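Before any comments, here is the structure.
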Amino acid sequence: MSLFNYQNRCNKTVNTLLAGLLASVCSASVQAAAIDETMLYGNWACSHEENDEGTHISAIFDVSYNANGTIRSLGNLKVTVGGMVAMANQYDLQGEWEIKDGYLLETTTHVQGTNLTNNSKLGAAELADMFPADDADRSLIVELSDQKLITQGEDGVNFECSRKR
């Protein structure tokens, strides 16, 4: 399968993965009204891996949630198909976040990307396909503690993070 066909087939999976990584947050099985958003403030080391029909997706991101409602995420996404690297990109995402009714809502406002296989900047059209302008993502806060952060995307995929010191 060509990279173009693979990217089209997996576009939703990759978008969900990145959205989930950007939305990596947690809540300790408490009611939505009891979520203390100040526990989210700070830096988190996040990772996610999944395998599906010979495709392996690996993402490692550092995410910073700021008290002023801004977010920044920097990390790598690698997709391997049949043992061959189909995509290896680094992303720098910026946006805004809020917690509402037990969900983490995030809107990406700025994205930069680099193709790590040839060290070239990703084009605006390619980035727009993966990260539509002002696209809002919503993730259920599953667990939030001083050290651990877990969210669940609308597709049921969990993303886990640990606090960076």
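The values are calculated or read from the model by the stated rules, or taken from the named source; none is laboratory data. A quick note: this is a predicted structure, and the numbers were derived from the prediction, not measured. Glycine also receives a Cβ, built like all others from the backbone with ideal geometry; neighbour counts cover every protein chain displayed.
The set of residues in the range 101-123 being over 13 Å from the mean Cα position of the chain (by Cα) and more than 18 Å from GLY75 (Cα to Cα) consists of ASP101, GLY102, TYR103.
Picking from residues in the range 59-97 that are out of contact with any Ser or Thr (no Cβ under 9 Å at 6 or more places or on another chain) and either part of a strand (DSSP E or B) or of a type in the set (A, V, I, L, M) (or both), the one that is nearest to LEU140 (Cα to Cα) is TYR65. Of everything in the range 142-163 that is acidic (Asp, Glu) and closer than 19 Å to SER58 by Cβ, the residue that is modelled with the highest pLDDT is GLU160. Of all residues in the range 125-161, those satisfying the criterion of being surrounded by 15 or more Cβ atoms within 10 Å (Cβ to Cβ) and among the small types (Gly, Ala, Ser) are SER139, GLY153.
Taking residues in the range 115-144 that are in contact (Cβ under 8 Å) with a residue 60 or more places away in the chain, and partners anywhere that are part of a helix (DSSP H, G or I), the pairs with Cβ atoms closer than 6 Å and at least 6 places apart or on different chains are ASP137/ALA19; LEU144/MET39. Residue-level check: of (1) surrounded by 13 or more Cβ atoms within 10 Å (Cβ to Cβ); (2) at pLDDT 90 or above; (3) among the hydroxyl-bearing types (Ser, Thr, Tyr), THR38 misses just (1). In the range 98-124, the qualifying residues are those that are assigned to a strand (DSSP E or B) and of a type in the set (Val, Ile, Thr), and the one that is surrounded by the most Cβ atoms within 10 Å (Cβ to Cβ) is THR108. Counting the residues of the range 61-83 that are crowded, with 16+ Cβ neighbours inside 10 Å, farther than 18 Å from GLU106 by Cα and within 14 Å of the chain's Cα centre (by Cα) gives 2.
Identify all residues within the range 29-58 that are in a strand (DSSP E or B) and either touching a Leu at 6+ places or on another chain (Cβ under 9 Å) or of a type outside the set (S, T, N, Q) (or both); write none if there are none.
Taking the range 29-58 and keeping what is in a strand (DSSP E or B), we get 42-52, 55-58.
Of everything in the range 29-58, those that are in a strand (DSSP E or B) and either touching a Leu at 6+ places or on another chain (Cβ under 9 Å) or of a type outside the set (S, T, N, Q) (or both) turn out to be GLY42, TRP44, ALA45, CYS46, SER47, HIS48, GLU49, GLU50, ASP52, HIS56, ILE57, SER58.
Out of ASP129, ASP134, which single residue is at positive phi and either outside any strand (DSSP E or B) or touching a His at 6+ places or on another chain (Cβ under 6 Å) (or both)? Matching residue, one of ASP129, ASP134: ASP134.
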